[in-house]
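The values are calculated or read from the model by the stated rules, or taken from the named source; none is laboratory data. Computed from a predicted model, the values in this text were never measured in an experiment. Every residue, glycine as well, gets a Cβ built from its backbone with ideal geometry; the counts of neighbours run over all protein chains shown. When the accessible area is computed, the model is the full protein with side chains, heavy atoms only, and any ligands, DNA or RNA have been set aside. Shrake-Rupley method; radii C 1.70, N 1.55, O 1.52, S 1.80 Å.
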Amino acid sequence: MAKRVAFVGLGNMGSGMAANLVKSGFEVKAFDLSELATTQARDNGCYIASTAAEAVVDADFVVTMLPNGSIVETVYIGDENAKGLLDSIPETALILDCSTIAPINARTVGSAAAAKSRRFVDAPVSGGVAAAAAGTLAFMVGGSEADFEDSKTVLTAMGSNIFRAGDVGAGQAAKICNNMLLAVHMAGTAEALQLGVDNGLDPVVLSEIMLKSSGCNWSLEKYNPMPGVMDGVPASNHYEGGFLVDLMLKDLGLAMEASLRSQSSVPMGAAARNLFNLHKHSDGEDKGSKDFSSIQQFYSKS
Ligand code: NAD
């Protein structure tokens, strides 16, 4: 019999992920507050539940892909208005939250789940909407060894790289560290390219030189932020698509929050958050829905 997955949160990321579960032979019972999202999920082969509680009631796995930590906590634990899903999820099911939230939110839900004898892992993703649709996401999982092994049953249908970062909350911590570093090397790459242009260099030639030199990094190699240097990246498409400035700011905010809790010094991460925030509000327009490599424009003099 096909394994049953309850999927809650069928937005930009969740719709592709749920569709890939269907393609891999899972019976997916899905729920979202948005009617548009549920219509699309039905077209992709999901059964639509009328509430999240109805979706999870006979599930083998529960997957959530929701906007933020307070929504994730409310959905699982409940509030003064409604019960949380933990009261409806079978004890045998494994819960996977794939949303990007603070490690503390993940640990709160994990502890509440454990108190009700439910198994929970946090499994945030690296990769955007295209990777969610293609089933090539990377997952960073926080949970016990046994739950991690179990989680692969569904995660392999949605992604190609699956890591165990540690116990509950560790997946979110890994995600935050990775994206803080991404912000730093993207901003640094844009800064170096602009310095080169301002000093008479061709950005194509400078990129070739740095790719073979010690400045080489992922942003330069796969995601060059200077328009016209690389084909098929957002910089060569008016910074449309890709990973939005608003989402990078969300992740940098989570990194700052985590650094306060652990009393870590993060001067580079803090500078990157400030840069992306200044960029978002520059030139009298909201650049939040541009790709994050548009930070290049922040350095440009024209
Ligand atoms: P989205 O806003 O497109 O989708 C979220 C969905 O959750 C929406 O369809 C919304 O209606 C639904 N929702 C909200 N509250 C709900 C509730 N109480 N019950 C049921 N459904 C509810 O967001 P997204 O881009 O799909 O991102 C989802 C998560 O993935 C976020 O945590 C984000 O940070 C993370 N993420 C996004 C990307 C990306 O490129 N979009 C990349 C990596 C990680």
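Structural remarks
- Computed from the Cβ-Cβ distance with R0 of 35 Å, the FRET efficiency linking SER265 to SER300 stands at 0.70.
- For segment 149-250, carbon and sulfur atoms together expose 57% of the accessible surface, with a 1.4 angstrom probe and every protein chain in place.
- The chain: most fluctuating residue of GLY128, GLY196, GLY84 per GNM, C-alpha cutoff 10 Å: GLY196
- DSSP bridge pairs, the chain: antiparallel proportion in percent, nearest 5: 15 percent
- Segment 128-148 and segment 170-231 have Cα centres spaced 25 Å apart.
- Using Cβ point charges alone (K and R +1, D and E -1), the dipole size of segment 4-167 about the Cα centre works out to roughly 260 debye.
- Rough spin-label spacing in nm, given labels placed 7 Å along Cα→Cβ, for ALA134 and ASN199: 3.5 nm
- Each peptide in 216-224, 277-285 gets a packing score, the mean of other Cβ atoms within 10 Å over its residues, and the list from highest to lowest is 216-224, 277-285.
- Between the listed residues THR38, ALA113, GLY127, the Cα displaced farthest toward the positive end of the dipole of segment 1-127, a dipole computed from Cβ unit charges relative to the Cα centre, is found at GLY127.
- Against the chain, whose longest principal axis is taken from its Cα atoms, helix 245-262 shows a tilt of about 80°.
- Phi-derived couplings, Karplus 6.51 cos²θ - 1.76 cosθ + 1.60 at θ = phi - 60°, listed residue by residue for segment 74-90: 5, 4, 7, 9, x, 8, 5, 8, 8, 6, x, 5, 4, 6, 10, 6, x Hz, with x used for Gly and Pro.
- Relative to the longest principal axis of the Cα atoms of the chain, the long axis of helix 14-23 makes an angle of roughly 60 degrees.
- Listed by chain and number, the aspartates and glutamates whose alpha-carbon sits under 20 Å from that of LYS212, ignoring those within fewer than 8 places in the same chain, are GLU191, ASP202, GLU221, ASP231.
- Averaged over its residues, the chain has an accessible area of 46 Å² per residue, based on protein heavy atoms and a 1.4 Å probe.
- Most mobile listed residue (CYS98, CYS46, CYS177) in the chain, GNM with C-alpha springs under 10 Å: CYS177
- Expressed as a fraction of 2.2 N^0.38 Å, the value expected for a compact globular protein of N residues, the C-alpha radius of gyration of the chain is 1.06.
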